[in-house]
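K.L.:
Shown below is the structure under consideration.
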Number of protein chains: 2
Amino acid sequence: MLKQPSAGGDDGSGFTPLVVVEMAPDAKEEAVVWLTRKISASEQSGGAGLSVQQLWSGTAETEKDNPNVFLVGGSRQRLLSGAEDLGLFKEFNDGSMRAFTCANRDNFKDFKGDGDGFLSTAECQYIVKHELDSLRAKSETHIPGYEKAKLYPGKSIIRRMQSKGILVQVFPLHETEELKRLSFTWYKKVKLSLQPLDEIRHYYGEGLALYFGFLEYFTFALVPMALVGVPYYLFDWESYDKYVLFAGFNLVWCTVILEGWKRSSATMAYRWGTLSRKKAFEEPRPGFHGVLGFNPVTGREEPLYPNTKRLLQVYLVSVPFVVLCLYLSLYVMMVYFLMEGWALSLHAAEPTFWTTVLTFVPSVIYAVVIEVMNLIYRYAAEFLTGWENHRLESSYQNHLVLKVLLFNFFNCFASLFYIAFVMQDMVLLRQCLATLLITSQILNQVMEAFLPYWLQRRRNKKMMRRAHKRASPPPAEMPLADQVRLEADMSTYLGTFDDYLELFLLFGYVSLFSCVYPLAAVLVVLNNVTEVYSDAFKMCHVFKRPFSEPAANIGVWQLAFEAMSVIAVVTNCALIGMSPQVKSYFPESETQLILWTAAIEHVLLALKLILTFVIPDVPKHIQTKLARLEFESLEALKKKKMLEAPVQ
Amino acid sequence: MLKQPSAGGDDGSGFTPLVVVEMAPDAKEEAVVWLTRKISASEQSGGAGLSVQQLWSGTAETEKDNPNVFLVGGSRQRLLSGAEDLGLFKEFNDGSMRAFTCANRDNFKDFKGDGDGFLSTAECQYIVKHELDSLRAKSETHIPGYEKAKLYPGKSIIRRMQSKGILVQVFPLHETEELKRLSFTWYKKVKLSLQPLDEIRHYYGEGLALYFGFLEYFTFALVPMALVGVPYYLFDWESYDKYVLFAGFNLVWCTVILEGWKRSSATMAYRWGTLSRKKAFEEPRPGFHGVLGFNPVTGREEPLYPNTKRLLQVYLVSVPFVVLCLYLSLYVMMVYFLMEGWALSLHAAEPTFWTTVLTFVPSVIYAVVIEVMNLIYRYAAEFLTGWENHRLESSYQNHLVLKVLLFNFFNCFASLFYIAFVMQDMVLLRQCLATLLITSQILNQVMEAFLPYWLQRRRNKKMMRRAHKRASPPPAEMPLADQVRLEADMSTYLGTFDDYLELFLLFGYVSLFSCVYPLAAVLVVLNNVTEVYSDAFKMCHVFKRPFSEPAANIGVWQLAFEAMSVIAVVTNCALIGMSPQVKSYFPESETQLILWTAAIEHVLLALKLILTFVIPDVPKHIQTKLARLEFESLEALKKKKMLEAPVQ
């Protein structure tokens, strides 16, 4: 557990700071008072019923410090009832996971005494965040002191303050001791064991733990592919016969590992209790706006936005825009090939040192342009998806992921497709694939880990120096105020989107053209091993602690990976059909060859579909356990009704 | 409602006979008494709590009559509590459909006074059937009087008696007046209106109403196809250009109508309250056997059968058997083509009257062999699926449907595929398609409606003659005993399987080769219109009334139709690619043509997939209503918890 705040405010009631609420340094006094009152007011009077303390009440040490930093915690009772509201699943006495209820609390496995340590800090922080988010305006028409920050009944106060810049950020505190222990077992000790997924889940929540679980699973799943690929590289097996075998193996393998992941993800989600957790009614996302009206589902007053209008926006603006961007990306690719051809012909006509340099210029320009286009497009996609004004965060995310995915896929793989199927130059394809793969890996590692690490180190040192100045013997433990100051300056982790996107593109490199570059799997495995370490490091030391997010699966990414593996069937069949060895079986007629290739491709696609159907998504023993829970709740309901019914 | 029993037994308490239980005429007295006691015993003492009456207690008029025929009914209170147990959905005061509960009964729309007429007779009969089915053995080890009819705790008594032949049949009674009214609005009056689906559902239940809804929807959906197809036939538009247009139209149309059906099926199921009905825990199917053990889900004692053993049976026996049958079917087809070629060559060499006859012989033999093979295979599939020993009726049905579907598809369409893609003879394909379609339609109509109608008429007449003999002035209303006697002799309706299978094959004829025979849609529309009438007639007058079965959709058939429409994309693209007009666009290279065809086919398949994703399966307004219901139940739960929670 976190240490007690060392700087004032400990009222003896065992206040444990969980979440930091940082308001703007120049926020108006009345707004600050109003918010803190709201947070600490009882639930009956429309507050959150939480405890709130100013970080340095009157004792701000330097003028630079923001006085409007508050620590929010909650009494044990309040947090437990919050856990019940959220439908949090905890381990029951019989080993199953059940929704926690206060009435039934003594039947939960780890509930002892008054429930101390029953909820993990991450869970407590998630509960506090939920309670803060659901602080809603009642009769207020604007935020006190800010005439322009309009409110209406039901509007989330925190979100409006955030969008108006009155609230800077809300973030959960790290637990220094826990973190040390976690980072030691996770990546510091030299080991041959797996990642401590349960502990990661305990500290960061299910969403992140599933990402790391997927990263680990994906790495192990690629090992057989890599092992099969190594001899191809070592012994220079250039024969296409063997590539055909390799591609066949990969096709089956891709399908099997994706199905396998669904099963192991379900196993994990069951163990963590998120598999059968029912989603509560989803509230509108912060940016959602519209004409005030009554929600047809809840009957509550909230902004409404006509669905047809959104559909028109999506189909008349977003879809054409995305298509235009894809076209642009293809156009840039064609310009690149023209430039490359021109440079090569120049070099061939009169080879000098400068023409040799010139042959590299188009590639470099293209690589840079791709990165810039990805970046610009990402902003455009975020703007467009925001403009589409989705009511739910989940539907916003789905639309955003789809847009970004499609463009990234085109941008990264279009040139490879062109080389493979239009130029039909397998040697160039292999070179290009290797270059792209290795470059993107190096870039990623630098951008993702080393750069933030270096920045963070600099910040840490500065902070330490300041702390040293104050107290000459450096304290064994950092005081809370320093910890908050340090963490407030850390970068914010923006979710697993970019991490999954990276894996998705790597999966594409491995599966789409696996038969021409068997070493790809080896490279990806190596990359993933370092990725585990760098990602673990950045979660522990570079970023603010993120709020934990319950998740039962990797969501839309499962679909994305499956779509990629379907495309891989098509590309690999086409590559095999184009190979000289296969061609030699049909010496007379190219038509026959193509027809056979198409037929086999269709059979493979059908087989893939059948495999997806035949392999159950949830392992049998977990299905049984889920059915048992459902049966028991049905029986309990029946029994209750029998007791309630009048005697006849 | 049904008339009161005229032959004795009316005890003045308003007993309404709902279901007939017919035991073997030679059933042992003790078993008969035991069963009737079980049925009428109260629920607390392990009975069904229903009322039971002997049809002709002591007054059997002829010696031929079986004395062991019983009428089962239930008190209003008993039926209402049964409706609650089953989670039957009824219309609420606010127009939504909710699970009926006795405590809340006054808030349901049609509940007046003591609930007379609240439940339809079909619902009452379904409840009685459920209560009879769930009569389970407690301490008995065998059925009294039958040492060999073993029982164990939890075994359904009715099912064991049925499997031992002690119980002949259990069937619901028709309501003569209702039926007259229904058959009048359904098919007797000349009209231009739709079928009275709500009334069909009211009388026969949701499963059958959905079948007739699908039949109607399918017919209307084919009308545009038929309209487009007529000019092709009338003006002899033999140009392939136009066929390409037609095929393109059909591809889009197939996808759209299937998605549209999902939506209108959801609308109907919502209106009938089956869409959001939660399935109760499924009991093992009657034929299921195994070693007695404890069900891991319910903890109850019941036969268990290892899943791995079943999987081995499926993959090591059933799958090879099906593949073998498919191979055999292909083999027979090849023999047919050989015979046909031989007959044709004989006729060409020396044409006489006898060789002309001879050219028809192979077709006739093949048609007969196909029918015989379908029949034999159907028995084999039923045997195999029974032997696989599925625990649930639903999984048994899925395995059976899959087996039968696959074989029927091969048997009916293999020759067409062969003619289209191996022989590439479009004229023969058209002839063959027309012959198959028309023959199967005529055969179906005869086998399905006229034959049973004729048999039924004969039986009716015999019965009438007997009744006349007894009472010289024929009574205006048939006495109940005669009605029971009449209905007991009617054939049993074996479910919608064969009806759906027929539609599935028709859909195949329309969609797979639509571009070579545009008149197919016209023929299918005509067939469907008569099908509505003949099916309606057979339900009302040929078969016993079936027990109503709640259903939210057409289940595995939706999948089957979608699979067919995917295959249709492939075949139509291939047919178009083979057309001379398209070939003329690529005069130099056939390879280019095939590549383009394959590319377009892939794009179409992708488009189809995207369309399936983009069109929501449940219409928006119904989604909102469902969400509203769920939200309300969550809120109610919360409020209840608040009230129950101790004041803090």
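The values are calculated or read from the model by the stated rules, or taken from the named source; none is laboratory data. Here the structure is a predicted model, which means the values were calculated and not measured. Reconstructed Cβ throughout: ideal geometry from the backbone, glycine too, with neighbour counts over all protein chains shown.
K.L.:
Residues that are among the aromatic types (Phe, Trp, Tyr), in a loop (DSSP other than H, G, I, E, B) and within 14 Å of chain B (Cβ to nearest Cβ): does segment A:582-596 have at least one?
P.N.:
Yes, the conditions are met somewhere in segment A:582-596.
K.L.:
Residue by residue through segment B:342-365, note down the ones that are surrounded by 12 or more Cβ atoms within 10 Å (Cβ to Cβ) and of a type outside the set (A, V, I, L, M, F, W, C).
P.N.:
Residues satisfying the conditions are B:His347, B:Thr355, B:Thr359, B:Pro362, B:Ser363.
K.L.:
Here's another thing I want to ask about it. Can you tell me which of A:Phe561, A:Phe547 is closer than 30 Å to A:Pro452 by Cα, more than 12 Å from chain B (Cβ to nearest Cβ) and assigned to a helix (DSSP H, G or I)?
P.N.:
It is A:Phe561.
K.L.:
Tally the residues that are buried (at least 20 other Cβ atoms within 10 Å of the Cβ) and of a type outside the set (A, V, I, L, M, F, W, C), restricting the search to segment B:551-567.
P.N.:
The number of residues fulfilling the criteria is 1.
K.L.:
If you go through segment A:272-290 one residue at a time, do you hit one that is assigned to a helix (DSSP H, G or I) and either over 30 Å from A:Phe613 (Cα atoms) or of a type outside the set (Val, Ile, Thr) (or both)?
P.N.:
Checked against the condition, which is being assigned to a helix (DSSP H, G or I) and either over 30 Å from A:Phe613 (Cα atoms) or of a type outside the set (Val, Ile, Thr) (or both), segment A:272-290 yields at least one hit.
K.L.:
Tell me the residue from B:Val372, B:Val364 that is modelled with pLDDT of 85 or more and in a helix (DSSP H, G or I), please.
P.N.:
B:Val372
K.L.:
Give B:Leu611, B:Leu626, B:Leu605 a once-over and let me know the one that is surrounded by 14 or more Cβ atoms within 10 Å (Cβ to Cβ), within 14 Å of chain A (Cβ to nearest Cβ), farther than 20 Å from A:Val570 by Cβ and not acidic (Asp, Glu).
P.N.:
B:Leu626
K.L.:
Please tell me if B:Gly154 is in a loop (DSSP other than H, G, I, E, B) and within 17 Å of B:Ala24 (Cα to Cα).
P.N.:
The answer is no for B:Gly154.
K.L.:
If you don't mind, there's one more thing I want to ask. Identify the single condition in (1) part of a helix (DSSP H, G or I); (2) touching a residue at least 40 places away in the same chain (Cβ under 8 Å); (3) within 14 Å of chain A (Cβ to nearest Cβ) that B:Leu330 does not satisfy, given that it satisfies every other one.
P.N.:
(3)
K.L.:
Residue check, A:Ser318 against (1) free of Cβ contacts under 8 Å to residues at least 60 places away in the same chain; (2) within 14 Å of chain B (Cβ to nearest Cβ); (3) touching a helix residue (DSSP H, G or I) at 6+ places or on another chain (Cβ under 7 Å); (4) surrounded by 16 or more Cβ atoms within 10 Å (Cβ to Cβ), all met but one. Which one?
P.N.:
Looking at each condition in turn, A:Ser318 falls short on (1).
K.L.:
Please work out if B:Glu283 is within 14 Å of another protein chain (Cβ to nearest Cβ) and either within 30 Å of B:Asp198 (Cα to Cα) or in contact with a Ser or Thr (Cβ under 8 Å, 6 or more places away or on another chain) (or both).
P.N.:
Criteria met by B:Glu283.
K.L.:
Out of the residues in segment B:530-585 meeting the condition of being of a type in the set (D, E, K, R) and within 29 Å of the chain's Cα centre (by Cα), tell me which one is nearest to B:Val252 (Cα to Cα).
P.N.:
B:Glu562
K.L.:
Cβ-Cβ under 8 Å, sequence separation 6+ or interchain: first residue in segment A:80-101 and more than 14 Å from every other protein chain (Cβ to nearest Cβ) and farther than 22 Å from A:Glu283 by Cβ, partner of a type in the set (Phe, Trp, Tyr) and in a helix (DSSP H, G or I). Which pairs?
P.N.:
These pairs meet every condition: A:Met97/A:Tyr270; A:Met97/A:Trp272.
K.L.:
Still on this structure: Can you find a residue in segment A:42-59 that is surrounded by 12 or more Cβ atoms within 10 Å (Cβ to Cβ), more than 33 Å from the chain's Cα centre (by Cα), under 23 Å from A:Gly154 (Cα atoms) and modelled with pLDDT of 85 or more?
P.N.:
no
K.L.:
Sticking with this structure for a sec: Filter segment B:286-305 for residues that are within 11 Å of chain A (Cβ to nearest Cβ), without any contact (Cβ under 8 Å) to a residue 24 or more places away in the chain and not hydroxyl-bearing (Ser, Thr, Tyr) and give the result.
P.N.:
Correct list: B:Asn295, B:Pro296, B:Val297, B:Gly299.
K.L.:
Those residues that are β-branched (Val, Ile, Thr) and without any contact (Cβ under 8 Å) to a residue 60 or more places away in the chain, I need them from segment B:385-433; list them, please.
P.N.:
B:Ile419, B:Val422, B:Val427
K.L.:
Let me ask something additional. When you look at A:Val570, is it within 11 Å of chain B (Cβ to nearest Cβ) and surrounded by fewer than 18 Cβ atoms within 10 Å (Cβ to Cβ), yes or no?
P.N.:
The answer is yes for A:Val570.
K.L.:
So, in segment B:274-315, of the ones that are closer than 14 Å to A:Lys620 by Cβ and hydrophobic (A, V, I, L, M, F, W, C), which residue ends up surrounded by the most Cβ atoms within 10 Å (Cβ to Cβ)?
P.N.:
B:Val297
K.L.:
Just for segment B:64-96: of the residues that are modelled with pLDDT of 85 or more and of a type in the set (Gly, Ala, Ser), which one is surrounded by the fewest Cβ atoms within 10 Å (Cβ to Cβ)?
P.N.:
By that ranking, first place goes to B:Ser75.
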